[in-house]
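The values are calculated or read from the model by the stated rules, or taken from the named source; none is laboratory data. Since we're looking at a predicted model, the values are computed, not measured. Because the Cβ atoms are built from the backbone with ideal geometry, glycine has one as well, and the counts that use them run over all protein chains shown.
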Amino acid sequence: MTSLSFDAEYEALLAAADPRRDFPELDESTRATTFYTTGTTGQPKGVYFSHRQLVLHTLSTRTALAAIGHGWFNDGDVYMPITPMFHVHAWGFPYLATMLGVKQVYCGRYLADSVVALFQRERVTLSHCVPTILRMLLDSAKTTGIELSGWKMLIGGAALPQALAREALELGLEVYAGYGMSETCPILTLSGLMSKMNSWAFERQVEMRCKAGRPLPLAQIRIVDGEMNDLPHDGKTSGELVARAPWLTQGYLKDPKSSEKLWEGGWLHTGDFATIDADGYVKITDRLKDVIKSGGEWISSLQLEDLILRHPAVAEAAVIGVPDPKWIERPLALLVVRPGQEVSEAQIRTQLQSFAAKGIMPRYGVPEQIVFVEALPKTSVGKLDKKLLRERYAQIKG
């Protein structure tokens, strides 16, 4: 409820408006868009982009998508975004779809059943969304019996769990991950398979699809230590991901101190830890503010979430660090169980211990505390709100 008065309703204004718009002549460096970060790990900050930056991002994304396998986005595709327009330009895809002249379908509210029905009715071939929305779409498709073959889906905004990607592929949905952030316009990397990977085993392909991928043309990326020294591209050594590209925000609006920190050393600091393998594929290991430091060792919340989600009874998982008097921090796992299924703390812990025994994760990463909840808080774009979770569970001791 609000005490504000309304002068007009959007759809009525739209209906009464002249459909023709003659744009004025603008310098290409004129600011085109301004919006705020979602603030999942800190306070929202204003970022902005020029007309030139939007054009360069669009052209580079088009080039990268054309190189993925058999070409991901062409003039015969039907495009339906499942990411809000206010979420970093809907990842820039509406600009690309308009440039290609493809049919565009906008679904309004993101209700899973109606979105899947629109996919079927309009013969949609390309969409993008965050993992939580993908989870709902898969559940809807299973319930309604709708076949998802022919639908290509780019997943971003959060790490794509391998269990979720595997389930999507088995239902006919062609999924790949991408990576970016509000400050990067947003796309920096895409995870399309190289031709040599087409003959790889299914599980190995799933692993590659879930990586952040390789950088777009014109984008430069590095992983560095605290002194900005380059780290090996061996797929194991983790460091902060820093980037350069002609479409990255120049800084934060009216916040020179944060802008200077963002661009320290002449590279944009993403605040994400990552590895890069010999083929140039980036894998995000954690957010700088989400990584858990326990007894002097780093524990990846993203890895823990991915491994927990491999249990068939778990629908959603979030891992955060909570204070511990001995180890400084310990991981707390928050789980949502699938309807009609059961799982115990002991079963989840046993599963993680088995992964630790195989060397997939460290033994000290197995959480002592596992809490089952009805739902996990999300931001307006469907991402897990770990900032809120940390506030909510700040009094729990590890």
Residue satisfying all of: in the stretch 350-398; polar (S, T, N, Q) and touching a residue at least 40 places away in the same chain (Cβ under 8 Å); farthest from PHE86 (Cα to Cα) among these: GLN351
Being under 21 Å from GLY157 (Cα atoms), outside the structural domain of ALA356 (by TED's automatic domain parsing) and touching an Asp or Glu at 6+ places or on another chain (Cβ under 9 Å): is that true of LEU262 here? yes
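Those residues that are part of a helix (DSSP H, G or I), among the acidic types (Asp, Glu) and surrounded by fewer than 22 Cβ atoms within 10 Å (Cβ to Cβ), I need them from the stretch 164-188; list them, please.
Within the stretch 164-188, the subset part of a helix (DSSP H, G or I) is 164-170, 182-184.
If we keep only those that are among the acidic types (Asp, Glu) as well, we get 167, 170, 183.
Within the stretch 164-188, GLU167, GLU170 qualify.
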Looking at ALA313, is it under 30 Å from THR37 (Cβ atoms) and not assigned by TED's automatic domain parsing to the domain that holds PHE86? no
Does ARG135 meet the test of being closer than 30 Å to LEU56 by Cα, among the charged types (D, E, K, R) and under 21 Å from the mean Cα position of the chain (by Cα)? no
Any hit, the stretch 379-390, residues being surrounded by 14 or more Cβ atoms within 10 Å (Cβ to Cβ), in contact with a helix residue (DSSP H, G or I) (Cβ under 7 Å, 6 or more places away or on another chain) and not assigned by TED's automatic domain parsing to the domain that holds PHE273: yes
So the helices (runs of 4 or more DSSP H) completely within the stretch 23-125 holding 1 or more residues that are more than 17 Å from LEU248 (Cβ to Cβ) and charged (D, E, K, R) are 51-67, 112-122
Residue list for the stretch 52-86, filter: closer than 16 Å to GLY156 by Cβ, in contact with a His (Cβ under 8 Å, 6 or more places away or on another chain) and among the aliphatic types (A, V, I, L, M): ILE82
Does ARG31 meet the test of being at pLDDT 85 or above and within 25 Å of VAL88 (Cα to Cα)? yes
With respect to ARG222, is the statement that it is of a type outside the set (Ser, Thr, Tyr) and in contact (Cβ under 8 Å) with a residue 24 or more places away in the chain true? yes
Hits in the stretch 345-398 - residues which are outside any helix (DSSP H, G or I), among the hydroxyl-bearing types (Ser, Thr, Tyr) and within 20 Å of PRO323 (Cα to Cα): TYR393
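Could you list, in sequence order, the residues of the stretch 291-313 that are among the aliphatic types (A, V, I, L, M), crowded, with 23+ Cβ neighbours inside 10 Å and touching a strand residue (DSSP E or B) at 6+ places or on another chain (Cβ under 7 Å)?
Answer for the stretch 291-313, where residues must be among the aliphatic types (A, V, I, L, M), crowded, with 23+ Cβ neighbours inside 10 Å and touching a strand residue (DSSP E or B) at 6+ places or on another chain (Cβ under 7 Å): ILE292, ILE299, LEU304, ILE308.
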Would you check if SER191 is of a type in the set (Ser, Thr, Tyr) and either on the phi > 0 side of the Ramachandran plot or surrounded by 22 or more Cβ atoms within 10 Å (Cβ to Cβ) (or both)? yes
